[in-house]
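Chemist: Pasting a structure here, questions to come.
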Amino acid sequence: MEFDKLGLKKEFIPEIEKAYDYLIGYLNENDRNELVDIVLVTMTKNLIERVKTIQLLSESNREESISILTRAFLELNVSIRFILLEDTEKLATSYFYNQKIQSMKKLLAMPKTDPSYKLSLTESELKVLRKELPEASSLEDYVGYYEKKWSELFSSPPFQRKGKKKKYYKKWYSLNWKYNNFKDMMLAVGMNEPLYHFFYGLTSVDVHAMGAIGNLEINDSTFKLNGTLPTYLCYLAIETYLSTVIYELSKYYDLIQDKEQVENFRRIANACNFLK
């Protein structure tokens, strides 16, 4: 089999979506609508949509950006699996708070550098915020409110001997201060370090615009732009890690023995080119 000529089968994403929809149906039937559930299914939906975009590019023979999208897919995939490892409710909440804080801080940086940018909460946004923070009147109040709630999720930083102080930075995935970076997360979910350097390291070349010349393939009088990673390896990663997320999410909700979901797993396996 010539793997370098393989892509994702057309039926792969529909079969993934059937298993995902079955999970959604289970949550609806059992009134599971806590924040942790919303975070997990939203992240997974986002993951599936990224793969659909990759599939569209592949079908259009526009593969030069697939490695960049695979990098984004990988980051989100690892984040979901990391949340599912342990302390799932706390980590999902931390992810949610961190997203709100960081996105708003980026916006608040604009008027600080140029006062012509004026940012404020809408009345409907203020109304929602005032349910928990009656005195809220600004975006700074919004950020401060969520920063306080986010900080409450963290354990105390490790004890440090005098004279050997290390500065600790809060990260959504390190509520116990054990994990320092994305590589730590990848290792925690069972991906080895060579895979980190290969998939995450090499795709950095495209993400940070360093591969423009090296990715140009010239044949006689024609040229083609490629990504840093061979596309078939991107598809292999997508098949493997998207299937894994659906399985681990089903496991979290005690559905891995469910007959209908087991059948969905079988259909996903049959829709794979690489996983046999």
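Chemist: Of all the residues that make up the stretch 231-268, how many are buried (at least 20 other Cβ atoms within 10 Å of the Cβ) and among the charged types (D, E, K, R)?
Modeler: 1
Chemist: Filter the stretch 55-70 for residues that are farther than 12 Å from residue 8 by Cβ and part of a helix (DSSP H, G or I); which is least open to solvent (accessible area, probe 1.4 Å)?
Modeler: The residue in question is 67.
Chemist: Can we say residue 32 is surrounded by 19 or more Cβ atoms within 10 Å (Cβ to Cβ) and more than 14 Å from residue 242 (Cβ to Cβ)?
Modeler: No.
Chemist: While we're on this one: Within the set of pairs 6+ apart or on separate chains, which have a first residue in the stretch 71-84 that is under 10 Å from residue 186 (Cβ atoms), a second that is polar (S, T, N, Q) and open to solvent by less than 10 Å² (accessible area, probe 1.4 Å), and C-beta atoms under 8 Å apart?
Modeler: Here the result reads 74/203, each pair linking the stretch 71-84 to a residue that is polar (S, T, N, Q) and open to solvent by less than 10 Å² (accessible area, probe 1.4 Å).
Chemist: Is the stretch 46-54 home to any residue that is touching a residue at least 24 places away in the same chain (Cβ under 8 Å), over 28 Å from residue 179 (Cα atoms) and open to solvent by less than 30 Å² (accessible area, probe 1.4 Å)?
Modeler: yes
Chemist: A further question on this structure: Please determine, by comparing only the residues of the stretch 71-115 that are more than 16 Å from residue 247 (Cα to Cα) and of a type in the set (Lys, Arg), which one is least open to solvent (accessible area, probe 1.4 Å).
Modeler: Among residues in the stretch 71-115 that are more than 16 Å from residue 247 (Cα to Cα) and of a type in the set (Lys, Arg), the one least open to solvent (accessible area, probe 1.4 Å) is 71.
Chemist: Using the structure shown, decide if residue 40 is more than 22 Å from residue 21 (Cα to Cα) and part of a helix (DSSP H, G or I).
Modeler: The answer is no for residue 40.
Chemist: List pairs: first in the stretch 167-182 and open to solvent by 60 Å² or more (accessible area, probe 1.4 Å), second not in a loop (DSSP other than H, G, I, E, B), Cβ under 9 Å, 6+ apart or cross-chain?
Modeler: Correct list of pairs: 170/98; 170/150; 170/151; 171/94; 171/98; 178/184; 178/188.
The values are calculated or read from the model by the stated rules, or taken from the named source; none is laboratory data. These figures come from a predicted structure and were not determined experimentally. So basically every Cβ, Gly included, is an ideal-geometry build from the backbone, and we count neighbours across all protein chains shown. When the accessible area is computed, the model is the full protein with side chains, heavy atoms only, and any ligands, DNA or RNA have been set aside. Shrake-Rupley method; radii C 1.70, N 1.55, O 1.52, S 1.80 Å.
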